[in-house]
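Here is the structure we will look at, set down as structure tokens.
The values are calculated or read from the model by the stated rules, or taken from the named source; none is laboratory data. Everything quoted here is computed from the prediction, not taken from an experiment. Here the Cβ positions follow ideal geometry from the backbone for every residue, glycine too, while neighbour counts run over all protein chains shown. Remember, those area values only see protein heavy atoms, side chains included, never the ligands or the DNA or RNA. Shrake-Rupley method; radii C 1.70, N 1.55, O 1.52, S 1.80 Å.
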Amino acid sequence: MKTKWTDLGASVVVFLVALPLCVGVAVASGVPAELGIVTGVVGGIVVGLLPGSTMQVSGPAAGLTVLVADAVSRHGIQALGVIVLSAGLMQVVLGLARCGRWFRAISPSVVQGMLAGIGLVLIFGQLKHLVVSPVALALGLLTVLIMLLWQRTPLRVVPGILVGVVVCTGLAAVFASGVEKITVGTLSADVHLPDFSLLDTGVVGTAVVFALVASAESMFSAAAVDRMHDGPRTQYNKELVAQGVGNTICGLLGALPMTAVIVRSAANVNAGARTKASRVLHGVWLLLFVVLLPGLLTLIPVAVLAAVLVHAGWKLLGLREVVALWRTDRAESLVFVLTAGLIVATDLLTGTVAGLLAAVVKTAWDVSRLQVTVTPEGVALRGNATFLRLPVLLDELDRVDREHVRMDLSGVRHLDQACGQAIDQWVDQSRRAGKTVELVGR
């Protein structure tokens, strides 16, 4: 792996983007802040060295915050290592079984709905840290404002998220020292081996959800990152194995689960990365920071990190894509609303599964286009005759009342068993009634 100067610079940029996100995701998930950095280190050094993708960067993701927080509340933080380890092993198996590309075969409306639902839950979950006091709200608003305005300055090569966190942390230290800060423990106390005695059906079920959601998010990220650069394309099956290895190690350390993260990946590409060296080095910088300077994290106000996550949640909403979807396909928009709404109202698994089922039903309905035309000679069918159109077919056949009927099936592209049996029964009944039925195209 040949390191170029552009990769070195890109690694610093990605490190500066990843650091506050690692901490913020950990705090929002209800686990010690340093465990988020551990996941970032594993995502950078371990996954970064493995084959699969060249440009995308892995680490703790805002999209998994809801899942982790729910898992910790249900099973306890001691079970997190077992869950993440199990999910990682499942990912390795899926990758070896060459299932990587199948994760891309999901309706975009479901994906957008899943991300939007996660974004909404993330936003609502962090608002409580911003409305506790006027000072916290002011710090949060200022953090977001700096992040947004910084991208319009000539110095935007420095990540706006870092500038916002540093500036507002400094202001809090000078003018609001009493504001709540994040707490940081020691790696020796918080990094622990998984307790397999906690393994039960509930834990296994949670691990399955982790594996599927993390894999899907990583594959979606890979597809998006591949469109950003001209380098080698992602090898999806190998990338899925790499993600699984990373999560297996994170599980062994009791850390957060990881996915490929589009925010860090985009920063990596935009900073001029050319090889894997940039993402590996960003993991090295994270490791050095958590070992040498963990105390700096205790200076960051909780409200500032909450603002960072609210901003991340807002970006997950993807309002431009939602508007475009509404204009092009209202039915897909309803699938989006159903998915996002149920995620907010219930949980991620329920909302996503319901969205997938709705997308399947919509697709089945769309491909079941059947035109039944009653002509002077009889009946002509065009399109796909499936059970979804059976009521329409039967209603039209009941209208046919003549002695000689010509049923033209030459325009039928697909005839399923339900419609085939219905047609056969109607033909038999008509012939028993003394009518002549001529079948064409069957």
- Query: Given ARG233, ARG227, which one is at pLDDT 85 or above and either buried (at least 21 other Cβ atoms within 10 Å of the Cβ) or of a type in the set (Lys, Arg) (or both)?
  - Reply: ARG233
- Is it fair to say VAL241 is touching a residue at least 40 places away in the same chain (Cβ under 8 Å), under 22 Å from GLY117 (Cβ atoms) and open to solvent by 10 Å² or more (accessible area, probe 1.4 Å)? no
- Item | Verdict on LEU130 being farther than 30 Å from LEU212 by Cβ and surrounded by 20 or more Cβ atoms within 10 Å (Cβ to Cβ) | yes
- Query: Would you say GLY205 is out of contact with any Asp or Glu (no Cβ under 6 Å at 6 or more places or on another chain) and part of a helix (DSSP H, G or I)?
  - Reply: yes
- Item | Failed criterion for SER278 (all others in (1) farther than 21 Å from THR6 by Cα; (2) surrounded by 22 or more Cβ atoms within 10 Å (Cβ to Cβ) hold) | (1)
- Name the pairs whose Cβ atoms lie under 7 Å apart, with the first residue in region 13-38 and closer than 15 Å to LEU64 by Cα, the second open to solvent by less than 20 Å² (accessible area, probe 1.4 Å) and among the polar types (S, T, N, Q), and 6 or more positions between them or separate chains? CYS22/THR39; VAL25/THR65; ALA28/THR65; ALA28/GLN126; SER29/THR65
- Task: Within region 298-309, work out how many residues are open to solvent by 10 Å² or more (accessible area, probe 1.4 Å) and of a type in the set (Val, Ile, Thr).
- Result: 3
- Query: Is there a residue in region 49-61 that is open to solvent by 20 Å² or more (accessible area, probe 1.4 Å), aliphatic (A, V, I, L, M), farther than 22 Å from ILE343 by Cβ and outside any strand (DSSP E or B)?
  - Reply: yes
- Failed item, numbered, when LEU155 is tested on (1) within 19 Å of VAL14 (Cβ to Cβ); (2) assigned to a helix (DSSP H, G or I); (3) among the aliphatic types (A, V, I, L, M); (4) open to solvent by 30 Å² or more (accessible area, probe 1.4 Å): (2)
- Item | Selected residue [more than 21 Å from the chain's Cα centre (by Cα) and assigned to a helix (DSSP H, G or I)] from ARG74, ARG101 | ARG74
- Message: Return the residues of region 32-41 that are open to solvent by less than 10 Å² (accessible area, probe 1.4 Å), under 22 Å from ALA207 (Cβ atoms) and of a type outside the set (Gly, Ala, Ser); say none if nothing qualifies.
- Response: LEU35, THR39
- Which one of these is closer than 30 Å to LEU338 by Cβ, open to solvent by less than 40 Å² (accessible area, probe 1.4 Å) and touching a residue at least 40 places away in the same chain (Cβ under 8 Å): GLY125, GLY164, GLY140? GLY125
- Does at least one position in region 320-328 carry a residue that is assigned to a helix (DSSP H, G or I), closer than 30 Å to LEU171 by Cβ and modelled with pLDDT of 85 or more? no
- Of the listed residues (GLY295, GLY283, GLY272), the one being open to solvent by 10 Å² or more (accessible area, probe 1.4 Å), in a helix (DSSP H, G or I) and more than 18 Å from GLY63 (Cβ to Cβ) is GLY295
- Query: If you check LEU316 against the conditions, is it modelled with pLDDT under 85 and within 16 Å of the chain's Cα centre (by Cα)?
  - Reply: yes
